[in-house]
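Here is the structure we will look at.
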Amino acid sequence: MYRPFAELACPSARQRPVVVPGIERVSIGAHLPGRFRDIEPLGQGGAGTVYRAFDELFGFEVALKIPFLDQKGHMARSLAVELQAAAALRHPNIIQVLDSGTIEDDQPYLVIEYADRGSLDSLVEAASPWQELKPILLGVLAGLGHAHTRGIVHRDIKIENILLSSTSEGTLVPKVADLGMAKLLQRKGLYSDTRVGGGTLLYMPPEQFESELAAVHPTADFYSFGVLVYSLVTGRLPWDFDGIGALIGAKNRGEYRPMEPRDVQQVPRGLADVVDRLLAVQPMERFHLAADVQRALEDLDRFPLGSQTGSRGMAVTTGRPLVPRALQDRIPGVEELVRFPVTPALTSLRSPRFVGRVAEREMLWTYARECFRRPQGLCLTGAPGVGRTRLASWLGGALEQGGLAQTVRIRLEANSGVFEAMTQCVRNLLGLGSLQGDRLTEKLGGWVSSMGHQHESDLNLLFRGLEASGEGGGGEKALGVAALWPALLVRLLQTLSQRGLAYLFVEDQTPAGLAGSLAGEILRQAQAQPFPLLIVYEPRVVDPQRSPLPDGFEERPIGPMHEEQIRELVGDLLPHSLIGPDFIARLQGNPRVAVTAARLTASRHLEDEGPDGDGDTWSDDSSSLLSQSVVDAEQVFLPTMSLDNVAAARVDEYLARSGAPEAAQAVLVAAAHLPAPVDESLLLDAVAEAEDVDGLVAGFTLHEAVQAGLLQPDTEGRLSFSDPALREDALERGGSDLLLVACARVLLRGDAVTVARRLCAGRLLLVAGEREEGLSALIRGAESALAFEVASASVAFGEAIALCDELGVDSADDRRVRAVLGAARAARDLGDAGRAASILKPLTLRSLAGAQGAEVETLEASLYLMRGQPGEALVAARSARATCAELGDQLGVARCALLEGQALEQKRDLEGAGEAFDRAQSAVSSLAEPAPHLEGQCLLSLGHNLRLRQRVDEAARCFHGALDLARVTQDPSVKGVALREIASLDLASGRYLEAERHLRDAVDCLEAAGLRGETATTRLTLGELAHSRGELPVARTEYSVALGVARAYGLNRTTWLALTNLAVTEVALGRMGRVRRRLTEIESMGLTDAPDQHQPYFTVLSLLVKAEARDWAAAEDMLSSLETDALELPRKADFIDLLGRVGMAACDRGETPLAMDAWTLAMTLAERAGDTERLQSLRELLSGLGA
């Protein structure tokens, strides 16, 4: 009976492997199936033997890898990893796994591609010249690039694992072999830890010696490749093995003997510099893509052959600069996969070919080109399984293999949170695994320095966010961090775009489309400060009510494939003789349905013994097997196959074969209800607790599900469904209430309870009928999510309110009040003040307890301020403050006093506002526990108020106090605003250099904090500084950036200011046409949106335009209005210059009276400002006019 060797790695409940101690360590080829002949050993290692044989099934020579009998349990695991990795990699520079099976005593074996020219050892011994080595090395990199774009890290690159094969023309083709150490990138984004820390010591990078193997990144392969290059060129390794401790120490210090080629005249001079970068200690200081290394080696042709001048401190470029022209070529073709005959054992794992989709690929490539003009957002819609993910992955692979982009991938599972998805994305991108503490800081510091970042705030914020995620997503440390993540992701993407463009792929499996708001926010921030960025968003569905299209995204539907393309796809996984006449038509053009149906057919065949008893090949009786296959399909599938049908068939087949079907179904149901990826131990605890199932049996059934391909394993214990349709099928199969309650209980155990786990536990209790407990758990989960998972919290609070309605919970009940308040806060934090006010309406203050009543009024005050209603905000804030004072809630008093001061400032009562800010600061000072962020806000608010009241020295003390506090607490928002306010004081005192430095630092902090409005305001100040120094192009750039941010976020006031400042700058540059366009846009906004102190600028600019156009009547009216308000007019140099230009325009056109009036008004302002230089110039103009 055929049994895949993978069963030995994860034995089923029906049969477990038995390892007999003391058995002779030999490998026997005599018991192999009859298809193999002329068997002879090729070599033997520490774990097994490799044979060469002629395979009559394939008709050519193959290699057979067979472990020693006493190693079969351990090696079966390694071979299973190799099979899983190799089946996904079909590339001419990677040794192909062709088949697998077992012989007597369940001894596993692999059938692999045979390389007839041995390994690279022969080239080391022969001291081959560089021109012979170079194509070999480029081929190895091509194979590694193919693996890395598919999420696989080899981890054991060395001379012995690069085999050589010859073509019919005699050309040597390198082949990467032995993927038994490979790390596979799971769907959630972290590289799984195979718990095999090995590799070959002298080739291993420093990080591979660590216990945190999940932190191993694709750059680990580049380190090993650097050792390989060094060895080929010098004939020896960079280190002598003097013990593992000495070796690790040398690697951690970056020490190795200088590279001295055996034949100096045959090696290009720059090679040592390339090797230095490959052997960098910090992973992020190495090359990031295989294409980067390829380009660096190709660029060595520019250097003459000769002595090496490597320098470990030298930064080596990753190749020639990539420009948009690189994308103007024809779209890359689909990579031609190696096409060996398929066998039943490989069908369930084999990566199918990418067929067709020419128009869709051209569309994606066009968007990649267009992102150089402006950031692009693309939403791929279509039926599940239609191939959207495959298309997006094709684009990422094509861009990476071309060295144009490094793909950033965020996947949001159906029951996970946005914050967790973002942190896992960054951890994967930077190769951080689950590191915490000092090791996390060290890794982040290496990345920041390698990417040329100078912003300490980036490092601090990344550390805070990533460490908070490692603590389970709770606590004060995480408070507010997630709100900063979109800005940090934009920073990361902007850095990555330096190679060409940045590519972000967002997969969203949540019904409400929670990742859509994240994708939209990232696009808005990128468009505010444009850089080449393409975001491809794949939602589960696009529902205008629940998950609308993200702002700024274009929708592109992906339809079904043509029948001939589906036939080609299925034909890559099954012999054509097994594809029934109506089989293709019933697949409805859905590629995922086609692949699943093909794998089901292969799986059924594995249960049938072949005619020779081996059962590991397709039957020679094609017509008989075809007939049986079609009958089976009719029995299992509906007349029209669908994703749901084939998913159900796969689950049915798994349950039918399981030795413990009830436990097997419980495992699937529990996995479907728990947040993915789920810890294996947590899943098994829930099943064992609810179903009274022995833990060993539950574990066996779990491993059966992995073998069947239903669950994707992460050998650290995390599991997720391989297909969303499988999860949906498991959910429909239900599960006992006891199981669901047990799942909820285990989710809430322990210290690291994430937001996703809390929310999931509440929902599980509701489904299980525990509605009261479920409601309380759901509200608690939503409240914990509110600090950094606002979108998830909003959905959960909505569910809680609906459940309160269903249960008839009273309006004054604490649970309803908490749900309503939470939903309103979430709406406010999402920027929807109207919706927040609507949610609050059902709450009546008379029916609420004091604290809750104060909270309602505080929330209402903040909403009034958002809507520009300071009077109403003032009433609500004062009432809430009084209630908080009665309750002794000093934190509430401080918050209400801040709102009160902001309302008074909007009403222009500066003295009253200052008193309110004083009260807020006093309340904060009296708190038993420090509240540093609130204290910083109080200092900033008070300082700003003092500055407006001309109490400059006191304002400066407040700003510097806030800055010192922010530096200690690493609060970027307070730090950024404090720096900007200090810069304003510098400007007023003429300290321009200090002002510019403070403003630049403020922009960095505010951008990192995601405070777009504050960033735009700071950019305006930078523009004003440049303008005052006569640097008009710099001023125009700063104003344009501020305008882009303001437009992207609908900041009308900032938009008005940016347009006005741009118009003033355009006047100085003599671009009156652009001035007219700016004024037209300002007019379309309405003067009600204009700050009062800037309205005169609009008037004088309009006056200048009218004078240029000889519209003297309108010009006279405008000048008269300015003269009427002369005492309120700005006394700034730019305003005086604008009046002077009005006079010049009128004088040049013979309108002397208007010129005289304009210059006279300008003289008055110059005299009041004490601007003697301009005053003298204006007097001379008037004197000349009189003459």
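Exactly one condition in (1) in contact with a Lys or Arg (Cβ under 8 Å, 6 or more places away or on another chain); (2) in a helix (DSSP H, G or I); (3) farther than 24 Å from residue 1113 by Cβ is not met by residue 1131; state its number. Of (1) in contact with a Lys or Arg (Cβ under 8 Å, 6 or more places away or on another chain); (2) in a helix (DSSP H, G or I); (3) farther than 24 Å from residue 1113 by Cβ, only one is false for residue 1131: (2). Residues in segment 916-938 that are touching a Gly at 6+ places or on another chain (Cβ under 8 Å) and either over 18 Å from residue 884 (Cα atoms) or free of Cβ contacts under 8 Å to residues at least 12 places away in the same chain (or both): 1 in all.
What are the residues in segment 1102-1154 that are farther than 17 Å from residue 1168 by Cα and either of a type in the set (Gly, Ala, Ser) or in contact with a Pro (Cβ under 7 Å, 6 or more places away or on another chain) (or both), if any? First the steps, then the outcome.
If we filter segment 1102-1154 for residues that are farther than 17 Å from residue 1168 by Cα, which is where we start, we get 1102-1121, 1141-1154.
Passing the criteria: 1102, 1107, 1109, 1113, 1114, 1115, 1120, 1121, 1143, 1145, 1146, 1150.
Based on what the data block shows, is residue 322 out of contact with any Lys or Arg (no Cβ under 8 Å at 6 or more places or on another chain), surrounded by 19 or more Cβ atoms within 10 Å (Cβ to Cβ) and either under 30 Å from residue 552 (Cα atoms) or at pLDDT 85 or above (or both)? Criteria not met by residue 322.
For beta carbons closer than 6 Å, sequence separation of 6+ or different chains, a first residue in segment 142-163 that is surrounded by fewer than 22 Cβ atoms within 10 Å (Cβ to Cβ) and a second that is hydroxyl-bearing (Ser, Thr, Tyr) and part of a loop (DSSP other than H, G, I, E, B), the qualifying pairs are 158/200.
Can you name every residue in segment 728-747 that is out of contact with any Gly (no Cβ under 8 Å at 6 or more places or on another chain) and among the aliphatic types (A, V, I, L, M)? It would help to see each step written out before you state the result.
Here is the first cut: in segment 728-747, the residues out of contact with any Gly (no Cβ under 8 Å at 6 or more places or on another chain) are 728-736, 738-743, 745-747.
Correct list: 730, 731, 738, 739, 740, 741, 742, 746, 747.
Quick one: would you say residue 401 is under 26 Å from residue 565 (Cα atoms), touching a Gly at 6+ places or on another chain (Cβ under 6 Å) and assigned by TED's automatic domain parsing to the domain that holds residue 494? Considered against the rule, which asks whether it is under 26 Å from residue 565 (Cα atoms), touching a Gly at 6+ places or on another chain (Cβ under 6 Å) and assigned by TED's automatic domain parsing to the domain that holds residue 494, residue 401 comes out as yes. Can you pull out every residue in segment 726-779 that is closer than 15 Å to residue 807 by Cα and not in a helix (DSSP H, G or I)? Those that are closer than 15 Å to residue 807 by Cα and not in a helix (DSSP H, G or I): 769, 770. Candidates 45, 59, 34, 29: the one that is at pLDDT below 70 and more than 45 Å from the chain's Cα centre (by Cα) is 29.
Scanning segment 813-842 for residues that are buried (at least 18 other Cβ atoms within 10 Å of the Cβ) and of a type in the set (Ser, Thr, Tyr) returns no hits. Residue selection: residue 167 satisfies the criterion of being outside the structural domain of residue 51 (by TED's automatic domain parsing), of a type in the set (Ser, Thr, Tyr) and without any contact (Cβ under 8 Å) to a residue 40 or more places away in the chain. Say we look at segment 780-794 and pick out the residues that are of a type outside the set (A, V, I, L, M) and in a loop (DSSP other than H, G, I, E, B); which of these is modelled with the lowest pLDDT? The selected residue is 788. Contact map, segment 517-535: residues that are modelled with pLDDT under 90 paired with residues that are part of a loop (DSSP other than H, G, I, E, B) and of a type in the set (Lys, Arg), Cβ distance under 9 Å, separation 6+ or inter-chain. Pairs shown: 526/374; 527/374; 530/373; 530/374. Of the helices (runs of 4 or more DSSP H) lying entirely inside segment 414-506, those containing at least 3 residues that are modelled with pLDDT under 65 are 456-470, 481-496. Cβ-Cβ contacts under 9 Å between residues 6 or more apart (or on different chains), taken from a first residue in segment 951-963 that is within 20 Å of residue 999 (Cβ to Cβ) to a second residue that is loosely packed, with under 15 Cβ neighbours inside 10 Å and not basic (Lys, Arg), are listed as 952/988; 952/989; 955/948.
Scanning for something surrounded by fewer than 16 Cβ atoms within 10 Å (Cβ to Cβ) and not acidic (Asp, Glu), does segment 1043-1054 turn up at least one residue? Yes: one or more hits. Per this entry, residue 243 is counted among residues that are free of Cβ contacts under 8 Å to residues at least 24 places away in the same chain and surrounded by fewer than 17 Cβ atoms within 10 Å (Cβ to Cβ).
If the condition is being exposed (fewer than 13 other Cβ atoms within 10 Å of the Cβ) and outside any loop (DSSP other than H, G, I, E, B), then segment 795-812 contributes 802, 805, 806.
Residue 1151 fulfils the conditions (1) in contact with a Lys or Arg (Cβ under 9 Å, 6 or more places away or on another chain); (2) more than 16 Å from residue 1104 (Cβ to Cβ) except for a single criterion, (2). From the list 668, 643, which one is at pLDDT 85 or above and either buried (at least 20 other Cβ atoms within 10 Å of the Cβ) or aliphatic (A, V, I, L, M) (or both)? Among 668, 643, only 668 is at pLDDT 85 or above and either buried (at least 20 other Cβ atoms within 10 Å of the Cβ) or aliphatic (A, V, I, L, M) (or both).
Among the numbered conditions (1) free of Cβ contacts under 8 Å to residues at least 60 places away in the same chain; (2) not in a loop (DSSP other than H, G, I, E, B), the only one that residue 368 does not meet is (1).
Of the residues making up segment 86-98, one or more are in a helix (DSSP H, G or I), surrounded by 21 or more Cβ atoms within 10 Å (Cβ to Cβ) and modelled with pLDDT under 80.
The values are calculated or read from the model by the stated rules, or taken from the named source; none is laboratory data. Keep in mind that this is a model prediction, so the values were computed, not measured. Don't worry about glycine lacking a Cβ; one is built from the backbone with ideal geometry, like all the others, and counts go over all protein chains shown.
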